[in-house]
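Everything on this sheet refers to the single structure shown next.
The values are calculated or read from the model by the stated rules, or taken from the named source; none is laboratory data. Everything quoted here is computed from the prediction, not taken from an experiment. Every residue, glycine among them, receives a Cβ derived from its backbone with ideal geometry; neighbour counts consider all protein chains shown. What goes into the accessible areas is simple: the full protein's heavy atoms, side chains included, and nothing from ligands, DNA or RNA. Shrake-Rupley method; radii C 1.70, N 1.55, O 1.52, S 1.80 Å.
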Amino acid sequence: MDVDDPGTFGAARNTITYTAGQNDTSVSIPTTEVNNIIFERDTTLQNFRFLGYFFGVITLLLIVLAYLLAFVDPSPGPNQTMIVLILLFFIVGGIATTLTFFRHENHDVIKIHLRTDDDRYTVCGRIGDSDFVEACSKLINSDIPTTNRNTKLESVLD
C-alpha cells in the first residue's frame, strides 16, 4: 500500500464506500446488498527486521567482495574495475534497502471481506488509521452480520 495515497474507506447508514486513491473512482456498495462481513487481522507486514538483517548481511558481503577486487589484487584489470563499479551500485542499493526495512514501523492491518450475492470485496487498512477503524466500528454496530476472526481486533474496533 502506498503511504502517500492510501485511499479512503467509509461506512454510512446506507452505503459502504471505498476509494483506492485520490484520482481513482470509488466503489459504493449499498448495505442492503451486503450479506456478511468478516474481519481479519493480517500481520504479514510486521517482521521487516528479518529482511533488514538479510539485506544487511548481503550488503556486507558485497562490500568485502568489492574491497578484495579493488585493493587486494596488485594489478586489477579493466574488467575487474567494471565489476567493482557495478558492485558499488549494488552496495548503495543494499544500504538503502536495509535502512528502509529498519526504519519502517510494523504494520498491523485489518482485512475486511464484504460478501454480496454477486461479488466479494476485500478492503485492507491499518489499525493506526483512526478513520478506517471508525468506519469498521460503524460496520460492526450495523445490522449486517459480522464475524471477527481475531480477538485483538475486538478491543481495537469497539
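Just wondering, is there one or more residues in segment 130-137 that are touching a Cys at 6+ places or on another chain (Cβ under 8 Å) and hydrophobic (A, V, I, L, M, F, W, C)?
No, the conditions are met nowhere in segment 130-137.
Name every residue in segment 58-80 that is under 29 Å from residue 100 (Cβ atoms), open to solvent by less than 100 Å² (accessible area, probe 1.4 Å) and of a type in the set (Ser, Thr, Tyr), in order of residue number.
Selection gives 59 alone.
Regarding residue 72, is this residue within 33 Å of the chain's Cα centre (by Cα) and of a type in the set (Val, Ile, Thr)?
No: the conditions fail for residue 72.
Can you tell me how many residues in segment 35-57 are hydrophobic (A, V, I, L, M, F, W, C), surrounded by 15 or more Cβ atoms within 10 Å (Cβ to Cβ) and assigned to a helix (DSSP H, G or I)?
Within segment 35-57, residues that are hydrophobic (A, V, I, L, M, F, W, C), surrounded by 15 or more Cβ atoms within 10 Å (Cβ to Cβ) and assigned to a helix (DSSP H, G or I) number 2.
Could you go through segment 88-101 and let me know if any residue there is in contact with a strand residue (DSSP E or B) (Cβ under 7 Å, 6 or more places away or on another chain), more than 20 Å from residue 9 (Cα to Cα) and modelled with pLDDT of 80 or more.
Looking for residues that are in contact with a strand residue (DSSP E or B) (Cβ under 7 Å, 6 or more places away or on another chain), more than 20 Å from residue 9 (Cα to Cα) and modelled with pLDDT of 80 or more, one finds none in segment 88-101, hence no.
Among (1) part of a helix (DSSP H, G or I); (2) in contact (Cβ under 8 Å) with a residue 12 or more places away in the chain; (3) of a type in the set (Val, Ile, Thr), where does residue 92 come up short?
Only one criterion in (1) part of a helix (DSSP H, G or I); (2) in contact (Cβ under 8 Å) with a residue 12 or more places away in the chain; (3) of a type in the set (Val, Ile, Thr) is unmet by residue 92, namely (2).
For segment 133-158, which positions are farther than 20 Å from residue 33 by Cα, part of a helix (DSSP H, G or I) and either open to solvent by 70 Å² or more (accessible area, probe 1.4 Å) or among the acidic types (Asp, Glu) (or both)?
Within segment 133-158, 134, 151, 152, 154, 155 qualify.
Being crowded, with 16+ Cβ neighbours inside 10 Å and not hydrophobic (A, V, I, L, M, F, W, C) is the filter; apply it to segment 120-132 and report the residue that is farthest from the chain's Cα centre (by Cα).
Per the stated criteria, the residue is 129.
Looking at segment 121-129, can you tell me whether even one residue there is of a type in the set (Gly, Ala, Ser), assigned to a strand (DSSP E or B) and either under 26 Å from residue 51 (Cβ atoms) or touching a His at 6+ places or on another chain (Cβ under 9 Å) (or both)?
Looking through segment 121-129, at least one residue is of a type in the set (Gly, Ala, Ser), assigned to a strand (DSSP E or B) and either under 26 Å from residue 51 (Cβ atoms) or touching a His at 6+ places or on another chain (Cβ under 9 Å) (or both).
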